[in-house]
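The values are calculated or read from the model by the stated rules, or taken from the named source; none is laboratory data. Treat the numbers as computed from the prediction; the structure is a model and nothing was measured. Cβ placement follows ideal geometry from the backbone for every residue including glycine, while neighbour counts extend to all protein chains displayed. These area figures cover heavy atoms from the full protein model, side chains too; ligands, DNA and RNA do not enter into them. Shrake-Rupley method; radii C 1.70, N 1.55, O 1.52, S 1.80 Å.
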Amino acid sequence: MESRTVEFQAMRNELASPPKQLEDSVQRARRRARRTRLLRRFSAPLGTVASVAACFVLMVNLFPTFALACSNVPVIRELAAAVAFSPSLSAAVAHDYVQYIGQSQTVEGVKVDLGYAIVDQHQMVFVYAIDGGRFYTSPELLDENGDHIAAAYSTSTVKGDMSGQSNGMESMILSFSAPNDLPERFTINMYFLAEQQPETSAMPAPPKASSGESIEDWSDPRNDPGVLCFPFDVTLDMDRIAQPITVPVNRWVELDGQRIQVERLEYMPTRTILYLNEDQANTAWLKSLKFWFEDQSGRRYEEKDGSLVSSSTQESPSQLTYYFQSFYYDPPEGLTLCIDKAEWLDKDAPHVVVDLTSGESTGLPAGVELVDVYPVGTGVELTILSPAMREHFAQSLSHTYWDPEGGEHEWHQMSTIRVDAEDSDSGEAKHKEVFYLDNYTWDTVELELSYTSVSEYAEPVRVPLAEE
């Protein structure tokens, strides 16, 4: 009996310790079960991460503003610095109103990165970085057939804020006179000079009338030696170009006996546009208007914010469209237009006749004086002093003049500088304007004025900007 008991205990002990082969199988089964639990635990999160990653790649490629928003902070800082000179453009960047271009070209060691565009119906702003070169002259726009785009636009370039600090990024502004001028697809040819010019090449410089050269000898500055062309093919996303917010006004106001209509305001991301109209019975053209806006709390808005201040049309020489800082993202309540100065050109103003031999002239506006007539090479240099009260260094003469035989000419060289009161013989601040008559052999010349009178108002003329 005892032997049976010992045998039974031995069998139990043997079963309690499985064979080596079975023990290995159990360990493998345990490891497999643990892996299954881990996979179950992480399978859902891993699928979610994969979906998020795929979505991120899709968003970056399909939506440039998303890529801009998710880009690293230094890039955003550089973009903001490049438009820091403009409250309107700064607000546009802050609201992600940016189209991504992302093109780069290197020509003869000069690298240009065309990064972003800020575009509305009247203005394109390109933000770019340049390494090894500097801006030289205005760009040109070509359509898809390579033809010049017949749009009226002005160009200015700004290197960051007013201190010139932009972290290497600059901006180029193209202003259009009408919404239909804005192309969807185009080539922009940008022109730069290398910072270090080769020793054998002369620095491009425009010819001067004082050297006796003729205007006919001038060439397009884009063809000057050392000028590098950078063509970029651009396609704008027209669906992302904001529609203007229109504020109708339709109020008439009388200024100096002339009737002017404040027609409407348009708010766009890059600027505000004030549209005026005029009574056809007016005896003078409106050549300039100085104003500010004031909201219902008394806050003044005086920032023009752009290189293009005003424009006219082919139908009238009056300046009836004015450009101001953008109210698009934060429209003020209860705006009033406050006018404190206007310039006029009489419709029947006679030509100014100048005797180039004696230096005598007739027909100049009050306060404008011809101070010098000086032969230069094959032409003549005229120097005029005009009142400093005029805005934006506006010139006293238009671009056209006539010889005594009726031949029509245009100014190709002119300059305007401010003469401070302490440096003026009259003790009053003046504008010194210098005009060049190129290849001019006659003894008299007829000049066309750009204005005839200026009015300053002791109390501003106030026009509520709410529709009547």
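Just so you know, in segment 295-317 the residues that are touching a Phe, Trp or Tyr at 6+ places or on another chain (Cβ under 8 Å) and part of a loop (DSSP other than H, G, I, E, B) include one that is nearest to residue 340 (Cα to Cα), and it is 302.
For segment 451-460, the set of residues classified as more than 12 Å from residue 364 (Cβ to Cβ) and surrounded by 18 or more Cβ atoms within 10 Å (Cβ to Cβ) consists of 454 only.
Return the residues of segment 247-277 that are among the acidic types (Asp, Glu) and under 20 Å from residue 457 (Cα atoms); say none if nothing qualifies. Give the steps one after another, and end with the answer.
Here is the first cut: in segment 247-277, the residues among the acidic types (Asp, Glu) are 254, 256, 263, 266.
Hits for segment 247-277 are 254, 256.
Checked against the criteria, residue 263 counts as open to solvent by 30 Å² or more (accessible area, probe 1.4 Å), within 27 Å of residue 119 (Cβ to Cβ) and modelled with pLDDT of 95 or more. Scanning segment 358-370 for residues that are in contact with a strand residue (DSSP E or B) (Cβ under 8 Å, 6 or more places away or on another chain) and under 21 Å from residue 439 (Cα atoms) gives 359, 360, 361, 370.
Residue check: is residue 116 within 30 Å of residue 246 (Cβ to Cβ), open to solvent by 10 Å² or more (accessible area, probe 1.4 Å), in contact with a Leu (Cβ under 9 Å, 6 or more places away or on another chain) and at pLDDT below 90? Answer is no for this residue.
Residues of segment 382-394 include none that is in a strand (DSSP E or B) and either touching a Cys at 6+ places or on another chain (Cβ under 7 Å) or under 30 Å from residue 269 (Cα atoms) (or both). Would you mind stating whether residue 210 is polar (S, T, N, Q), at pLDDT below 95 and open to solvent by less than 30 Å² (accessible area, probe 1.4 Å)? In short, no. With respect to the conditions (1) open to solvent by 40 Å² or more (accessible area, probe 1.4 Å); (2) closer than 30 Å to residue 83 by Cα; (3) modelled with pLDDT under 85, residue 390 falls short on a single one, namely (1).
Counting only residues that are hydroxyl-bearing (Ser, Thr, Tyr) and over 16 Å from residue 465 (Cα atoms), segment 329-347 holds 1 of them.
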